[in-house]
Amino acid sequence: MAETMEDTVMTSADIEAETPPDAVFIAPSIHKPDVLAGRSYAHYSPIPSLISADMSTECVLGVDEAGRGPVLGPMVYGLLYLPLPLHTSLLATAHHFDDSKVLTPAVRSSLMRTLCTASTDLHASCGWATKVMSARDIAAGMLQPTSAYNLNAQAMDATIELIKNVLAQGVNVTQIYIDTIGSPVVYQRKLERIFPTVQITVAKKADSLYPCVSAASVCAKVTRDAALEVCAEAVVGAGGEGGWGSGYPSDARCSGWLKRSMDPVFGWGSETRFSWGTAKELLEAKGAPLKVEWPVEGEVDEMKMTDFFVGRDEETEGDELSGWYGRRVTEEVF
């Protein structure tokens with residue numbers, strides 16, 4: 001898998017599928033102060049009653065992400081777990097979970113609302129979690145001057161963090177299914193070293209193959225949609241009418257908003273991934289109104305101790321101190 005998907009050509013149908021709906025469900029995973037401040041955070045649902053009643057219940061867990069390629073908004077990792085016997089019957093048969101990109105925005109929101117409603121079978125059986133990785137933090141990691149924290153590493157760390165914290169709650173997870181980052185074999189081996197007692201399957205298109213991954217993808221996608229909507233309400237007005245659409249570079253609404261809203265010095269706010277080529281090109285364009293060169297820490301005004309000493313051949317005539325100290329005494333003195 002590529003580092004990002006910002007160069008992927010998207011059809012108009014793809015763009016509309018990635019655009020938050022007008023009435024997106026604001027799930028409990030939306031922490032507005034953190035979203036608006038550009039802070040990354042994690043959210044964990046309570047352990048569902050069907051599992052908390054018997055913590056020895058064997059569970060299956062799925063992980064997937066949403067928002068890998070956009071220049072605007074967070075990337076969100078979603079996790080969902082439930083009792084192993086209900087894996088297919090509840091998620092696939094009863095509620096028809098599928099890859100979030102296949103489902104319409106309205107269907108995704110409806111499924112997430114059901115998952116969060118206390119009187120439903122999904123709420124009683126399924127636990128879930130999300131890791132919201134802010135655009136600011138993604139870019140800061142990728143733009144580090146040394147040892148850049150690339151997107152794949154950030155994604156893997158988010159996945160590991162979510163799984164570890166669910167296991168720490170005492171949930172008896174025996175099977176894990178994950179949509180891959182890069183090579184499925186390499187990714188699976190790394191996770192097996194970290195979680196040696198759990199059966200782990202990493203696969204391409206896992207969100208279409210395993211119902212728990214499909215459900216995790218819905219959690220991730222609805223959370224991202226809502227986070228993007230919360231940001232839009234607070235930010236988009238500054239850029240004029242038209243909004244920013246899906247947040248993907250190939251969406252004309254997004255690219256138009258970026259051009260209209262760019263500050264010549266600071267660019268945009270914490271909703272934008274400055275590490276994306278789209279943002280870099282706008283900031284560094286040949287006809288940009290202002291070019292700023294930020295000094296790299298440690299490269300400015302560095303002086304060595306020897307810089308404070310003047311060599312014999314460098315002595316300056318009339319220098320009082322050099323005339324007073326350190327000159328060789330000649331024989332004429334005696």
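Residue pairs whose Cβ atoms lie under 7 Å apart, separated by 6 or more positions or on different chains, with the first residue in segment 88-117 and free of Cβ contacts under 8 Å to residues at least 40 places away in the same chain and the second open to solvent by 60 Å² or more (accessible area, probe 1.4 Å) and of a type in the set (Lys, Arg), do not occur. Residues of segment 131-165 that are of a type in the set (Lys, Arg) and either surrounded by 15 or more Cβ atoms within 10 Å (Cβ to Cβ) or farther than 26 Å from SER45 by Cβ (or both): LYS131, ARG136. Restricting the first member to segment 203-214 and to residues that are among the hydroxyl-bearing types (Ser, Thr, Tyr), and the second to residues that are buried (at least 24 other Cβ atoms within 10 Å of the Cβ) and in a helix (DSSP H, G or I), the beta-carbon pairs closer than 7 Å and six or more apart or on different chains are SER214/LEU91; SER214/ASP207.
A Cβ distance below 9 Å, combined with a sequence gap of six or more or placement on separate chains, defines the contacts here; from segment 157-184, residues that are in a loop (DSSP other than H, G, I, E, B) and at pLDDT below 95 reach residues that are open to solvent by less than 50 Å² (accessible area, probe 1.4 Å) and of a type in the set (Asp, Glu) in the pairs ILE181/GLU65. Taken over segment 172-209, residues that are touching a Pro at 6+ places or on another chain (Cβ under 7 Å) and within 15 Å of THR159 (Cβ to Cβ) amount to 2.
If only residues of segment 88-110 that are within 23 Å of the chain's Cα centre (by Cα) and of a type in the set (A, V, I, L, M, F, W, C) are counted, the one that is farthest from LEU50 (Cα to Cα) is VAL102. When LYS190, LYS221 are screened for being touching a residue at least 24 places away in the same chain (Cβ under 8 Å), open to solvent by less than 40 Å² (accessible area, probe 1.4 Å) and either part of a helix (DSSP H, G or I) or in contact with a Phe, Trp or Tyr (Cβ under 7 Å, 6 or more places away or on another chain) (or both), only LYS221 passes. Residues in segment 265-283 that are over 12 Å from ARG136 (Cβ atoms), in a loop (DSSP other than H, G, I, E, B), open to solvent by less than 60 Å² (accessible area, probe 1.4 Å) and not β-branched (Val, Ile, Thr): TRP276 alone. Scanning segment 93-118 for residues that are aliphatic (A, V, I, L, M) and modelled with pLDDT of 95 or more yields ALA94, LEU111, MET112, LEU115, ALA118.
The values are calculated or read from the model by the stated rules, or taken from the named source; none is laboratory data. None of these values were measured; they are calculated from a predicted model. In this analysis, Cβ positions are derived from the backbone assuming ideal geometry, glycine residues included, and neighbour counts consider all displayed protein chains. For the accessible areas, the whole protein counts, side chains as well, though only heavy atoms, and no ligand, DNA or RNA atoms are used. Shrake-Rupley method; radii C 1.70, N 1.55, O 1.52, S 1.80 Å.
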